[in-house]
Each structure stands twice: as C-alpha cells, then as structure tokens.
Amino acid sequence: MPSETVIAGIRKDIEAYEAARASAVRRVRWRVPVFVGLVLVAVVLVAWLFNKVADPNEQWVSTPHVFLYVIGFAASILLYFQARKPATGLQQSFRETLLPIIFGFIADMRYQHGVTPNSFDRLPRTAVGPFNRQAFDDIVAGRYEGFPFELYEAHLREGSGKGSSTAFQGVIVAFETIAPFPGILVATRRTNAVISFFRGIFASKLQELSSGDALLDAAYEFRTDNLGAAQPLVSGRLAQALKWLGETWPDDPARVALHGSDGFLLLPHTKNFFELPDISVPLDYSRHVAPMISDMGAMLATAALVRKIGAKDEAG
C-alpha cells in the first residue's frame, strides 16, 4: 500500500476531482433531459405531420411512423451518451492521473485505455479459444519486482448478435518468464465435450497431456507442442501453482500459457477492476481507491509466482 504521504496526496487529488465531479453532475442533469427531450419532441411533431397523410386506420402506426420511431430511439441513445460526455471525459482524465500515483510500486508504469495491448498477439490462442471480436479496457505496463509485465482487461467474443458467446472476459497478465519454455504449454479450464472438440481442432498441433492428479485433470486441460519439456512442469510446479490459484481464484479457474519467454496468466472475471464509481457517487479512498491497489498487487504477486514455474522445475 502507498505511504501516508502518498495517500495524503491522493486524497488532495480526490478533493479536486470531487469539485469537478459536482460540476459535471450538474451539467449532466440538465443535458440528458434536454438532449433526449428534443429528440422526443421532434419525433412526436414529425409523427403528427405523418398523420395528415396517413390512412385514418394507421394513425401513429403506419410504416413511416414505425421507421421514424426506430430512428428516434437510435438518436436518443446517441444523444444520451453525448449528454454524458462531461462525466465520462472527467472520469477517464482523472483515472489517467490517478492510476500512476496509486500504483507507485510499479516501476516505469505506462497506462493506456481501449487499444490493443502489445503482448496480445503473442498470446497462444488455445488459452482463450476461437473469437472474432475483441475489446480492451484499462492497460497497465511496467516493471514489478524487476520483471516487465503488461496487464489488461479483455473481453473476447465469438459470433455475433444473440448467437455470440464469450471466449474470455477478465484480466490477462503478460510477463517475461525466468526460464523460456521451448514451445507452447497451455493450461485451460476443462469444458464440455463439444467445446473441447472445437478447441482440439483449433489447437490441432498441440497434444493433450495429464498431470496425474485426478482432481486437477478433471478441472484443467493441458496442451503442448513439446511433451518432453511440458510433462515435468505439468506434473510438478505448474500443478502446484494451479492448485494454489484454485484457492485464491475460486470462481472461474485461472488459466496459464507459456510460449517461449512469454508467460500469460488469465484471470476470468466480469468485474471492472479499475473503474471509478458512477459520476453521481462521491469518490472515497477507502471504498474505491484502496481496493484497486490491493487487486493490482495481488494479481502481480500471482504472476510473479507463475513466472518462476519453469526455473524451479529446472533447478529441481
């Protein structure tokens, strides 16, 4: 956690944010009803004019009317978000200022938002399965305990519309391993037979192997393109790390992927870990900021453990 001096500085920044937040709330309160109200008035007025030429049996419900209502609904949504821009812009600006301060234990920290992380293209796709849509929120990069890392919130989806499904949603921590793995090794949650079948096709060059632990093999699938190098890890330190992760990340099993000198820890979760509360809620250090620091520290400490897997096995 930050020192008392740093916390005092954060609290001053929060005070400045609170003053700006109150102003933004007042602006949003009149902008939303005005922006959306103007659309509704325009829709009603145009619909009334349509009634002048519409069939008496189709007053308010003719095809042009329905088309107008759809356009009005879409315009209302767009203008709603436009009306909230003073709030969303303030929150994002403050977050860009706040995060480098509260994460003072991260050396050379860099923060980005909504862009593709540099390490994402190196992530073995077997770790997440097939997807055709991707979105990224907060991205934090730097050095922790001397090793470089990149941590980001990702939402990967397959398909479109109502038929789409989530391939992965949560936090991905990419880091440099102590000892490079000669190939690809992935530990993912064991799924139903259909998903496993398609994952097997997607990872056709990877072979499945077993840890020898019945409970762990029931929870995880292990796949690799280098059985000789992978088996000691899967039966040893990787198995121990996954058991520990099962206790610290119990909701949805964490995933691990090794690819050369790149290591990846995937922590499934729907929570937005670094989101500020709604603009209508006063920002509080203990309730909103301290948990961010704790979550970041826990995730990086876990990544620090996982990155030692290969080196410890080699040493053993």
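The table below gives the values:
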read-out	value
Dipole magnitude of segment 1-124, debye to nearest 20 (Cβ charges: Lys/Arg +1, Asp/Glu -1, about Cα centre)	300 debye
Accessible surface of the chain [probe 1.4 Å, protein heavy atoms]: carbon and sulfur percent	59 percent
Assigned charges on the beta-carbon of Lys, Arg, Asp, Glu; segment 74-133 dipole about Cα centre (debye)	180 debye
Computed over segment 1-51, Kirkwood Rh from alpha-carbon pairs, angstrom	14.4 Å
Proportion of all alpha-carbon pairs of the chain beyond 24 Å (%)	63 percent
Between 0 and 90°, nearest 10: helix 85-102 axis offset from the chain longest Cα axis	20 degrees
Helix 63-83 vs. the chain, principal-axis angle (Cα, 0 to 90°, nearest 10)	60 degrees
Cα convex hull of segment 243-299 - mean projected area over all directions, nm²	5.3 nm²
Gaussian network model of the chain, Cα within-10 Å springs - most flexible of Ile279, Ile106, Ile77	Ile77
Trypsin sites (Lys or Arg not before Pro) lying in DSSP loop within segment 216-282, provided at most 16 other Cβ fall within 10 Å	Lys271
Residues of segment 25-75: accessible area per residue with a 1.4 Å probe, Å²	73 Å²
10 Å Cβ shell holding at most 16 others, DSSP loop, GluC sites (Glu not before Pro): longest site-free stretch of the chain	1-144
Cα-based Kirkwood hydrodynamic radius, segment 9-142, one decimal, Å	19.4 Å
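The values are calculated or read from the model by the stated rules, or taken from the named source; none is laboratory data. Predicted model only: the values in this text are computed from it and were never measured. With ideal geometry, Cβ positions are generated from the backbone for all residues, glycine too; neighbour counts draw on all protein chains shown. Side chains included, ligands, DNA and RNA excluded: accessible areas come from the protein's heavy atoms. Shrake-Rupley method; radii C 1.70, N 1.55, O 1.52, S 1.80 Å.
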